[in-house]
Ligand SMILES: Cc1cc2nc3c(=O)[nH]c(=O)nc-3n(C[C@H](O)[C@H](O)[C@H](O)COP(=O)(O)OP(=O)(O)OC[C@H]3O[C@@H](n4cnc5c(N)ncnc54)[C@H](O)[C@@H]3O)c2cc1C
């Protein structure tokens, strides 16, 4: 199949049942208001050697631990909707991508992300082809509502209608694009990155990336993006944003925690490793 | 000839939950401590990372983290007139091995027992009359009360980062929690987990029947959490690989994540893996332990002298060690005399499944070990036993612990056991079934006990532990009643069909039930009816402490580990604050 062609499965309507009961958007509504407050004086330490506060073996004062769960933020049993039917029309999405949506030609997605969603490594524009539709939709929503503020993307997403966001997400989810990896660089560094990616880091208290992003970083729909073949500079920038609290699209704060634990060098290693792997929709 | 090592202040046998707790606390109290673990070291990174950890065949089917029964097992029979045979394949329960013990591959369901559970005999006798308890039951009071244990429950729950919702805060009833629980001094350290779809359906049905559903207390993290020691846990991803697996996300409380790093960085503590303890050594008087005898991975024998010995080898193996070491009088069911091996009890489980039509998706794969919605209306003495003919009860829960491909394929009754019709039924039903579990209590009775086997020996030449057990009539009645209640809820859950599995009348050691073996070295106030005092100190050998669920005089309708952890902290506090100042019996007889 040539680059840029779209293959809508079956009919015109791409219907994706986004199963999000637990870690997904249903949880967002409740958990997003529930930032885990770091204990006063807590510093960032690896999870398995995080013992600075246990001075001389004495337990830290009890006040350092969150004691009372705030009743407003406790999810009600069964209150969260368990299924969200995600509907988007890739054909309509194509119009937005090509610049015929509310934002007009200035907001055309293809200018940075490519017609086939191949991305552009020159500007660290991420690859979108074959990312889970629900994930893409959720990012557009987050660009618009400020959870993922971005100079270029936020105004664009804010101009799009709800349906245009769904359609554009469906379009890129269905797209296929060739994979043109950059030269992978020093194999030793790749190996260091691969180790964090598949086994985690004992010293940093960081679990393996593939535990959530799937074997070989191929992603786990509906909500976890693939990393394989993603643009390295883009991924590095995201880790930076997570670590600085400038991206808040993960209700449980897992990515922010991981990004903060890794050193800038380790982040570079791990993104280069994933960037060198073939992505799913190529 | 065993090589004699340098003496230490304390030696710990087994490094699971209780071993890790003792290692940290005793080392911090300034004692030189050695922890001996028969298995190997393993921890979150690199050992428990997926996808390797999600190998269901290796860990769930072939028991990758459980005791190797080709080297060490127990023998089993239902009744004393039978000859016991060795359990050559794991089944009914799955004792752990390796550092962390079963605390690595447990589910994390973290319940307190009810106040009346600790005073079982006096409670029922007072409320329903002396003759209410069946004469074959040897149930008794614990010698410790709920108010005494409450601060230790609270502490262990903070160590584990349990998520839940209090139903009783200092005597005040709290909406949405368990209204029957004993008073808590504080709210849970974390909020409950997000409930699964099956739990939501159960919750609605139970509430419509006037029952009191609440989220299961869980040691799978509902958010990022730092425990009182500074150990950091991370949020659960609901991947459904808890029970029988280690957690790759630092999201399930385990000795390795919550306690052990504190001990490991303390120079007072030394962990020795591949160290299988075969015996506790006694001096000539038989009243003092001098240390333990162990064999390392190369088969070399060592004597580790110590001033204090703590058995932390899991309830069953603690009792075995007492018996092979000749500590305490072995229990004799014929006379009812003796204490070691007495009052073995278990758990009386059953279940009901609800089958839904294809438009109701349950998504069983999005689960966690302790993801459930529960009612406690039929546990303990939370309901009137007056018109009934049994004591005890249990919780009823809709759990969503994982829908893994090999072991999870619920099919409606009448489906063939194999072949294309079975396959079709699996495909049709996989995503449309909710399971309701009954977690019933287990009363000790005169005929159920642990002893040494006269016929079979283990790889170390010791007689195997022998288990003699069948369900007491009391528990069969209790279980039928509990399952009736679960079926009533199941029918209100709006499925097309319900299917009830009662616990068969005779105990079988083959199908998995629970790893909640209790009793055999029970605590109490009288050395004639208990092996250890209320501080888990041996009556016979005061420098020996025995941890774990073997201390339970009978088992309540809950999972044991919150109580095991609370008792460990209660015991170690008495050891440090009282025993060290004045070594000797903490309770006078
Ligand atoms: C599959 C599964 C699920 C469970 N789920 C729950 C749950 O949801 N809720 C709950 O409350 N409980 C649960 N449990 C029970 C829980 O794991 C135990 O209550 C708890 O681990 C007991 O702690 P322990 O310290 O007594 O023993 P363990 O944690 O088992 O530790 C004992 C250690 O001693 C070592 N050892 C044994 N013999 C020797 C020897 N001779 N020499 C040297 N070392 C030795 C073992 O290798 C092991 O490491 C579950 C258990 C299993 C198996």
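The values are calculated or read from the model by the stated rules, or taken from the named source; none is laboratory data. On a predicted model such as this, the values are computed, not experimentally measured, just so you know. Cβ atoms come from the backbone with ideal geometry, glycine included; neighbour counts cover every protein chain shown.
Some points to look at:
- Residues that are assigned to a helix (DSSP H, G or I), within 22 Å of residue A:278 (Cβ to Cβ) and out of contact with any helix residue (DSSP H, G or I) (no Cβ under 8 Å at 6 or more places or on another chain) within the stretch A:91-124 comprise just one, A:122.
- Residue within the stretch A:225-246 that is on the phi < 0 side of the Ramachandran plot, at the interface with another protein chain (Cβ under 10 Å from one of its Cβ atoms) and touching a strand residue (DSSP E or B) at 6+ places or on another chain (Cβ under 8 Å) present: no
- Qualifying residue in the stretch B:279-289 (condition: away from the ligand (no atom under 14 Å from the Cβ), within 14 Å of another protein chain (Cβ to nearest Cβ) and either over 20 Å from the mean Cα position of the chain (by Cα) or surrounded by fewer than 24 Cβ atoms within 10 Å (Cβ to Cβ) (or both)): no
- Among the residues listed as B:534, B:582, the single one being away from the ligand (no atom under 16 Å from the Cβ), more than 21 Å from residue B:328 (Cβ to Cβ) and more than 15 Å from the chain's Cα centre (by Cα): B:582
- Selection from the stretch B:145-180 of residues that are in contact with a helix residue (DSSP H, G or I) (Cβ under 9 Å, 6 or more places away or on another chain) and in contact (Cβ under 8 Å) with a residue 60 or more places away in the chain: B:148, B:149, B:152, B:153, B:155, B:156, B:157, B:158, B:159, B:160, B:161, B:162
- Test set (1) in contact with a strand residue (DSSP E or B) (Cβ under 7 Å, 6 or more places away or on another chain); (2) surrounded by fewer than 22 Cβ atoms within 10 Å (Cβ to Cβ); (3) at pLDDT 95 or above - residue B:485 fails condition number: (2)
- Put simply, of B:357, B:261 the only residue that is more than 24 Å from residue B:93 (Cα to Cα), out of contact with any helix residue (DSSP H, G or I) (no Cβ under 7 Å at 6 or more places or on another chain), more than 12 Å from the ligand (Cβ to nearest atom) and assigned to a helix (DSSP H, G or I) is B:261.
- Criterion (at pLDDT 95 or above, under 30 Å from residue B:176 (Cα atoms) and either within 24 Å of the chain's Cα centre (by Cα) or surrounded by fewer than 24 Cβ atoms within 10 Å (Cβ to Cβ) (or both)) met by exactly one of B:231, B:263: B:231
- Verdict on residue B:297 being surrounded by fewer than 24 Cβ atoms within 10 Å (Cβ to Cβ) and either away from every other protein chain (no Cβ under 14 Å) or modelled with pLDDT of 95 or more (or both): yes
- Filtered residues of the stretch B:84-106 (kept if more than 7 Å from the ligand (Cβ to nearest atom) and touching a strand residue (DSSP E or B) at 6+ places or on another chain (Cβ under 7 Å)): B:84, B:85, B:86, B:87, B:90, B:104
- Scanning the stretch B:370-396 for residues that are within 14 Å of chain A (Cβ to nearest Cβ) and in a loop (DSSP other than H, G, I, E, B) gives B:370, B:371.
- In the stretch B:417-475, the residues that are within 28 Å of residue B:354 (Cβ to Cβ) and assigned to a loop (DSSP other than H, G, I, E, B): B:417, B:418, B:419, B:430, B:431, B:432, B:441, B:471
- All of B:147, B:135, B:151 fail the test of being more than 8 Å from the ligand (Cβ to nearest atom) and outside any helix (DSSP H, G or I), apart from B:135.
- For residue B:182, the test of being assigned to a loop (DSSP other than H, G, I, E, B), surrounded by fewer than 24 Cβ atoms within 10 Å (Cβ to Cβ) and within 11 Å of another protein chain (Cβ to nearest Cβ) is failed.
- For the stretch B:25-42, filtering for residues that are within 13 Å of the ligand (Cβ to nearest atom) and either buried (at least 19 other Cβ atoms within 10 Å of the Cβ) or farther than 16 Å from residue B:260 by Cα (or both) leaves 6.
- Residue match in the stretch B:212-221 (condition: in contact (Cβ under 8 Å) with a residue 12 or more places away in the chain, surrounded by fewer than 24 Cβ atoms within 10 Å (Cβ to Cβ) and assigned to a loop (DSSP other than H, G, I, E, B)): yes
- Check on residue B:513, in contact with a strand residue (DSSP E or B) (Cβ under 8 Å, 6 or more places away or on another chain), in contact (Cβ under 8 Å) with a residue 12 or more places away in the chain, under 30 Å from residue B:91 (Cα atoms) and in a loop (DSSP other than H, G, I, E, B): yes
- Some residue of the stretch B:297-319 being within 23 Å of residue A:252 (Cβ to Cβ) and in a strand (DSSP E or B): no
- Among the residues of the stretch B:67-102, the ones that are over 30 Å from residue B:250 (Cα atoms) and surrounded by 15 or more Cβ atoms within 10 Å (Cβ to Cβ) come to 10 in all.
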